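Since every read-out is calculated from the coordinates, none of them should be taken as a lab result. The structure presented is a predicted model; accordingly, all values stated were derived computationally and were not measured. Neighbour counts are summed over all protein chains in view; Cβ atoms, including those assigned to glycine, are modelled from backbone coordinates with ideal geometry.
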Amino acid sequence: MKHLLIALALSSGTAHAASTVDLAVTGLITPMACKPLLSGGGLVDFGKISRNDLNLTNGTRLPHKYLTLTVNCNAPGRFALRMRDNRDGTAHVNSEIFYGLGLDTSGNKIGVYSVSFDPRQTVVDDLAVVYGTESTTGGLAWRMANLNPIDVGSRSLLGFTDVVGSTAGPSAIQTLTSTLKLEATINARQNLDLSVETPMDGSATLEVVYL
Amino acid sequence: MGLKPALLSASLLLGANAWGMDECQLNLSETAVDFGLVNRAVSPIAAAEHLLGERRLSLTLNCPTPTDLSLFYRGLAAGTERFQFTGRGSYSLRASDALLDGQPVELGLVPGSGQPPVSSATTLRWRPEHGIVPMRAGVPVIGRSLSLQLEVSAWARQDALRVSDTVTWDTSGVVDAVHTGRSRELRLQARFAPAACTPSLSNGGTVAFGKLSVMDLNADKETALPPRPLVVSVACDAPTAFSLRLQDNRQGSATGPGDDTTYGLGLDAQQQKIGRYRLVFDPARTTADSFPGLYRTDSPTGTAPWSSASANPLAIGASRFLGFSTSAGNTSGPVPIQQLSTTTSLEAVIAPLGTLDLGSEVRLDGAATLELNYL
Amino acid sequence: MSITRNLLVAALLASAGHAVAASSVDLSVKGTITPRACKTALSNGGLVDFGKLSAKDLRPDQPTYLPRQNLQMTVTCDASTLFAVALKDNRAGSESNQDYYNFGLGLINGTEKLGYFTVAMSGPVADDVNVRGIASFDGGVTWERESALVDDGLTSFADMNTLAPVPVQRLVTDLQVAGAIAPSQGLTLTNEVPLDGSVTLTVRYL
């Protein structure tokens, strides 16, 4: 007695459900409005520098330049500051506090500059003293406020509060005036092609972030 | 004195006549061979077939009297050497270590019952339509007990591994000891599961625009917000072809001409539309496995026909399934990918402030679901 | 490819209405690194020595003018260059007579201004061509005729009858250094007092 040949392929289906993940877009329109202004139209000009005046193997620090920032808000409110580099990728030292000065004729990075805020050189409303604070978490957490100068960055938020040691971030401010220090360093001459007139071209946008 | 043995043998003979061929016993140590869940997460070598595994079982055939212990295996042939394991796979049987009445024997391969063997060896591939018979010195021998080892190997075609639902292969054949009337069914099984892919979004899937000042938004026309990057990642346990689409959970709240690729940002206190956004995918900002170049392709249904693969950015839609291909102009759809990472651009537009009720809180509230579909 | 992309983005923004972005302000950092290099040189190591003066020879109620001393200044560049010379008074605030071209001679007892000196150019020649001195007090935007080397400003060289700096490879000029001692009745001259004027010349590239 021979058995029948059986060859089966059964599809037992556990339907393969599509995998999903959710996207959320959040934001809030606020009536708060703060207008920042920089002295001198925000232009810092180092004039013409001879390449012979640049160090061959080390960077050359240029003289410090100062600017005044004023921020006027339509009402007291909490805000922070951040600066975006419009020449991103051209800073020869990589850090969020270093901003690029563009590239030379052969594509080398010309140099960097940084802008620092000094709480001692900052006047807020009618306060006698203000303290500086920073957040690297987009405003979720702030470090203890103190009088140390702070370099503005492209990702971290910078703010001021009237409470020394506070970790609550900026306090409500209506007007702010601060003297900023700009420090620029040119790349070592041996890293650059300075055979032609080489413009330094730094461009950044300082923005108010409403909290 | 001489009479007694004769009497004995007479009684023995009587006993032998009482035994029938039904008294032979055929046993397999396993009657079902399970190759288990086939693991697809192996290096994608371009082999035509994938070895599912090898299993061993032993066979014993015992008869009361010396008998022709030839064995045939009845199963659908897949060629001359193997048997069918569904239409997309095959298996083979190898017999070895044969013992006849306790003594090692060779095995001969016979094309039919009673026919002369075409080959013989101690280890033999049991071919379809052929039987195996114990042999000694090139001659088939009979005996009372035969034991041997069977090694079952199974293969699946490479394309059989790619399934979108769980699939079970179930096939059987019959071991037939033709001269004893005994037979045993041997069952083979294997399971295939689809690869699992997990999509994820950077920053927990939240694009936070924070607080937007009215001073920075236009009163009498729309305001485009700076585009925000959003990294879409897909991790699969093995290269898998898939497509993505985005479903709007704020349907009907998008401003502008109704378009499959625009998504709503919710409504203000007066039920007015706050704005809209799109999610733009860019092959130039995409990496997948170690492919040197990627192109995007899309389909309104998630199945063929697929658009000609292009290097240009494209916004995803609810009816615009997006996938990635590795050759420009290709229309076969998405290729199997194990790890994908693409930086998309979320472009949001806020309605003119004049159309919104600014007396109450105006909260941007976009919500969408990114769906991954297996192909 | 990026150009096309930027145009596309611009078109999208234009139709939507570009973000007003009044909550931000732009900062520009400009400058130029020039391959040009110039060197300044002064004859006699830049030292002007008025010698010894007797206190009783000084006028008590008027300045006492000192005899002119001469120096030569040379500015040599590696190629024709637009440049100016900037002078920095290292004794700033010590000049007894404030003027844009007066430099200090130091203080007696930390308070008494000893006098002042001036440096005037005579017959500057640029690449064998006669030029004239010009000065700017706004960083080189506007220039006026000026033959003295000015303090807190820039001194450059123009063609005769013009006021715009011309590119120069080699400039040679005589410098006439004139000094004056302040009225002696206001000075404590019981001890020897050195005339201590010091000015630093720097090339500024225009």
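Can you sort C:100, B:73, A:131 so the residue with the fewest Cβ neighbours within 10 Å comes first? Each step should come with its number before you reach the end.
Values: C:100 12, B:73 20, A:131 24.
Fewest to most other Cβ atoms nearby, the residues stand as C:100, B:73, A:131.
Percent of Cα-Cα pairs per 20 Å bin, from 0 to the last occupied bin, for the protein assembly as shown, please list those.
Spelled out bin by bin, the protein assembly as shown gives 12, 24, 22, 17, 13, 7, 4, 1, 0 percent.
Specify the residue with the greatest mean-square fluctuation among B:89, B:252, B:204, computed from a Gaussian network of chain B linking alpha-carbon atoms under 10 Å apart.
Fluctuation is largest for B:204.
Taking chain B as a Gaussian network, where each spring joins two C-alpha atoms under 10 Å apart, which residue of B:326, B:262, B:301 fluctuates the most?
The residue that fluctuates most here is B:301.
Take the cross-link list A:109/C:30; B:211/B:273; A:35/C:30; A:35/A:109 and give me the ones stretching past 21 Å between alpha-carbons.
The answer is A:35/C:30; A:35/A:109.
State the antiparallel share, in %, of DSSP beta bridges confined to the stretch B:22-192, rounding to the nearest 5. Please report the intermediate quantities before stating the final value.
On the way: 62 of 67 bridges.
DSSP beta bridges in the stretch B:22-192 are roughly 95 percent antiparallel.
May I ask for the Kirkwood hydrodynamic radius of the stretch B:22-192, worked out over all distinct Cα pairs and given in angstroms to one decimal? Don't jump to the answer; show the numbers that get you there.
Values: mean 1/r = 0.0597 Å⁻¹.
Evaluated over the stretch B:22-192, this radius sits at 16.7 Å.
Could you tell me how far the Cα centroid of the stretch A:44-74 sits from the Cα centroid of the stretch A:150-199, in Å?
Comparing the Cα centres of the stretch A:150-199 and the stretch A:44-74, I get a distance of 12 Å.
From other protein chains only, count the Cβ atoms within 10 Å of every residue's Cβ in B:165-177, then give the mean. Kindly include the intermediate steps, with their values, before the conclusion.
Details: counts 6, 6, 6, 6, 5, 6, 6, 6, 4, 5, 1, 3, 0.
Partner Cβ neighbours, averaged per residue: 5.
Run down the aspartates and glutamates and flag those whose C-alpha is under 15 Å from the C-alpha of residue C:88, throwing out any fewer than 8 positions away in its chain.
C:99, C:151, C:152, C:196
According to a simple spin-label model (label point 7 Å from Cα along Cα-to-Cβ), what is the distance in nm between residue C:166 and residue B:310?
With each label placed 7 Å out from Cα toward Cβ, I get 6.2 nm.
Using r as the Cβ-Cβ distance of residue B:319 and residue A:88, and R0 as 45 Å, what FRET efficiency do you calculate, to the nearest 0.05?
Details: r = 37 Å, r/R0 = 0.81.
For residue B:319 and residue A:88, the calculated efficiency is 0.80.
Any chance you could tell me what percent of the C-alpha pair distances in chain C go past 24 Å?
On the way: 11329 of 21115 pairs.
Beyond 24 Å sits 54 percent of the P(r) for chain C.
Could the peptides C:119-130, A:158-169 be put in order, highest first, of the mean number of other beta-carbon atoms found within 10 Å of their residues?
Descending packing order for the listed peptides: A:158-169, C:119-130.
How large is the helix-only mean residue ellipticity at 222 nm for chain B, computed as the sum of -39500 (n - 2.57) over DSSP H runs with n ≥ 4, divided by its residue count, in deg cm²/dmol to the nearest 500?
Details: 1 runs with 16 residues, N = 375.
Theoretical 222 nm ellipticity from helices: -1500 deg cm²/dmol.
Defining a contact as two alpha carbons under 8 Å apart and six or more residues distant in sequence, what relative contact order in percent does chain B show?
Details: 937 pairs, mean separation 62.0, N = 375.
It rounds to 17 percent for chain B.
Convex hull over the Cα atoms of the stretch B:197-374, averaged projected area in nm²?
10.2
Chain A: Rg/Rh from Cα coordinates, Kirkwood Rh?
Details: Rg = 26.6 Å, Rh = 20.3 Å.
For chain A, the value is 1.31.
Which translational diffusion coefficient, to the nearest whole µm²/s, is obtained for the stretch C:88-206 from the Stokes-Einstein equation, given a Kirkwood hydrodynamic radius over C-alpha pairs, 10 °C and 1.306 mPa s? Walk me through the intermediate numbers first.
Working: Rh = 15.5 Å.
This corresponds to a translational diffusion coefficient of 102 µm²/s.
Using the count of nearby Cβ atoms within 10 Å as a rough guide to exposure, how do B:91, B:374 rank from fewest to most? Could you put the intermediate results ahead of the total?
On the way: B:91 27, B:374 21.
Fewest-to-most ranking of B:91, B:374: B:374, B:91.
Just to verify a number: FRET efficiency for residue A:70 and residue A:22, C-beta to C-beta distance, R0 = 30 Å, to 0.05? Don't jump to the answer; show the numbers that get you there.
Working: r = 42 Å, r/R0 = 1.41.
That gives a FRET efficiency of 0.10.
Expressed as a whole number of Å, what is the distance separating the alpha-carbon centroids of the stretch B:304-375 and the stretch B:223-263?
4
Expressed as an acute angle from 0 to 90° and rounded to the nearest 10, what is the orientation of the C-alpha long axis of helix C:2-16 relative to the principal long axis of chain C?
Once rounded, the angle reads 80 degrees.
Residues of B:365-374, mean number of Cβ from any other protein chain within 10 Å of their own Cβ, rounded to a whole number? Don't jump to the answer; show the numbers that get you there.
On the way: counts 5, 5, 5, 5, 5, 5, 5, 4, 5, 4.
That works out to 5 on average.
Summing +1 for each Lys or Arg and -1 for each Asp or Glu, what net charge is found among the other residues whose Cβ lies under 13 Å from the Cβ of residue A:129?
Numbers: positive: A:120; negative: A:118, A:125, A:126, A:162.
With Lys, Arg at +1 and Asp, Glu at -1, the net is -3.
Taking K and R as +1 and D and E as -1, what net charge do the other residues with C-beta under 13 Å from the C-beta of residue B:109 add up to? Don't skip to the end; give the middle numbers.
Values: positive: B:94, B:125, B:127; negative: B:81, B:106, B:129.
That works out to 0.
Measure off 7 Å from each Cα along the Cα-to-Cβ vector at residue C:128 and residue B:31, then give the distance between these two points in nanometres to one decimal.
Those two pseudo-labels are separated by 11.9 nm.
If you count, for every residue in A:195-202, the Cβ atoms of partner chains within 10 Å of its Cβ, what is the mean?
The shielding value for this peptide is 4.
Running Debye on chain B with equal point scatterers at the Cα sites and no solvent, what base-10 log of I(q)/I(0) appears at q = 0.08 Å⁻¹?
These q points yield log10 I(q)/I(0) values of -0.63.
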